[in-house]
Ligand code: 0JX
Ligand code: SF4
């Protein structure tokens with residue numbers, strides 16, 4: 001006889017509107033131009049998504065100079081520094097920008113602040129492609145990067161009265177609030193967004209995990225080790241008291257030993273993890289347990305982004 005286990009399934013979870021659009025852009029590019037189409041950086045941080053698109057003829061590279069000039073290139077959902085489209089134009093390449101509109105919004109925000117003569121403080125994770133892309137909207141030195149509240153004390157700014165702040169879209173809502181409070185305490189005239197630049201999808205998935213955490217003994221987050229928003233979900237689970245919170249790329253990575261004796265498990269997926277991997281995990285649980293699946297829905301998401309004009313009018 002299989003042991004009983006209830007799997008509490010978070011909603012919302014998985015693909016956000018920006019990921020959905022980015023994946024569609026690669027698929028539509030393959031339809032429009034045929035294979036190969038090049039993609040600069042993983043279109044989204046998920047191996048399954050990347051492998052599926054690669055099987056259809058997408059070629060993933062890290063830099064533009066790895067692409068031939070006579071094939072289209074797509075920029076990933078995370079955004080790119082200004083130098084990237086500029087270089088594609090110089091090389092007369094066809095390019096499609098799959099940057100999420102909510103990341104582009106932060107790019108515009110940064111430019112607007114700079115036009116007003118403000119130096120920008122970005123809260124984000126050093127080395128993450130979105131951070132590189134956003135900082136790369138402005139000349140070097142115009143955007144200072146901080147990662148934690150502790151970084152605020154050592155910031156060297158041009159003029160403490162001419163500062164603005166922006167954030168990466170996939171940060172921890174709670175950690176960011178702490179960093180913002182530290183910034184505001186040191187620089188009272190600092191200007192910034194209403195709350196932060198963390199997107200609706202990141203916010204909703206973190207809020208869902210907090211509610212889920214009240215019911216569960218262990219949490220599984222489906223997502224990649226390089227996916228910022230997915231890793232944040234694991235931390236939210238841990239901070240909400242769920243000591244066994246694990247990131248898994250797919251069912252084969254589940255540490256079944258860690259679930260020994262546990263009867264209530266939460267399951268969610270990062271914004272770049274497809275639903276097929278959620279189904280795979282559910283089936284793996286069904287194989288081992290007398291399973292009950294219960295949906296815990298904390299918000300409804302209806303947001304959708306249009307694909308670029310180039311796919312709407314065949315030009
Ligand atoms: O590492 P991130 O969470 O920024 O990216 P991922 O996992 O590809 O998620 C979708 C793209 C998010 C952009 O904001
Ligand atoms: Fe856009 Fe948010 Fe999705 Fe990133 S996580 S692609 S900012 S909707």
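Read-outs: derived from the displayed coordinates by stated rules, not from any lab. Remember, predicted model here, so these are calculated numbers, not experimental data. For neighbour counting, all protein chains shown are included, and Cβ atoms are generated from backbone atoms with ideal geometry for every residue, glycine included.
Things worth noting here:
- Normalised radius of gyration (Cα atoms, divided by 2.2 N^0.38 Å) for region 17-100: 0.96.
- Highest average packing first - 283-296, 207-220, Cβ atoms within 10 Å: 207-220, 283-296
- Estimated from the Cβ-Cβ distance and a Förster radius of 35 angstrom, the FRET efficiency linking residue 116 and residue 156 is about 0.95.
- Computed helical MRE - 222 nm, the chain, DSSP H runs ≥ 4 contributing -39500 (n - 2.57), nearest 500: -11000 deg cm²/dmol
- Relative contact order of region 1-78, taken over Cα pairs closer than 8 Å and 6 or more residues apart, is 34 percent.
- Summary of packing: across the peptides 163-175, 239-251, the per-residue average of other C-beta atoms within 10 Å ranks them, highest first, as 163-175, 239-251.
- Rounded Å value of the spacing that divides the Cα centres of region 10-33 and region 85-123: 21 Å
- Model label sites at residue 301 and residue 226, defined 7 Å from Cα along the beta-carbon direction, differ in position by 2.2 nm.
- Debye log10 I(q)/I(0) for region 71-125, one point scatterer per Cα, at q = 0.15, 0.27 Å⁻¹: -0.52, -1.09
- For the peptides 114-123, 225-234, residues were scored by their other Cβ atoms within 10 Å and the scores averaged per peptide; the highest-first order is 225-234, 114-123.
- For region 102-186, a/c is not less than 1.5, where a ≥ b ≥ c are the root eigenvalues of the C-alpha gyration tensor, and a/b does not top b/c. That puts it in the oblate class.
- The gain in end-to-end length when the residue 147 to residue 62 segment is fully stretched comes to 28.2 nm, 0.36 nm per residue minus the alpha carbon separation.
- Note on residue 200 and residue 108: the model spin-label points, each 7 Å out from Cα along the C-beta direction, lie 1.6 nm apart.
- Placing dummy labels 7 Å off each Cα toward the beta-carbon, the span from residue 263 to residue 140 is 6.1 nm.
- Fraction in percent of alpha-carbon pairs per bin - 20 Å, the chain: 31, 53, 15, 0
- Taking N as its residue count, the alpha carbon Rg of region 9-148 over 2.2 N^0.38 Å: 1.10
- Full extension of the chain segment joining residue 173 with residue 207 gains 11.3 nm, where the gain is 0.36 nm per residue of separation less the Cα-Cα distance.
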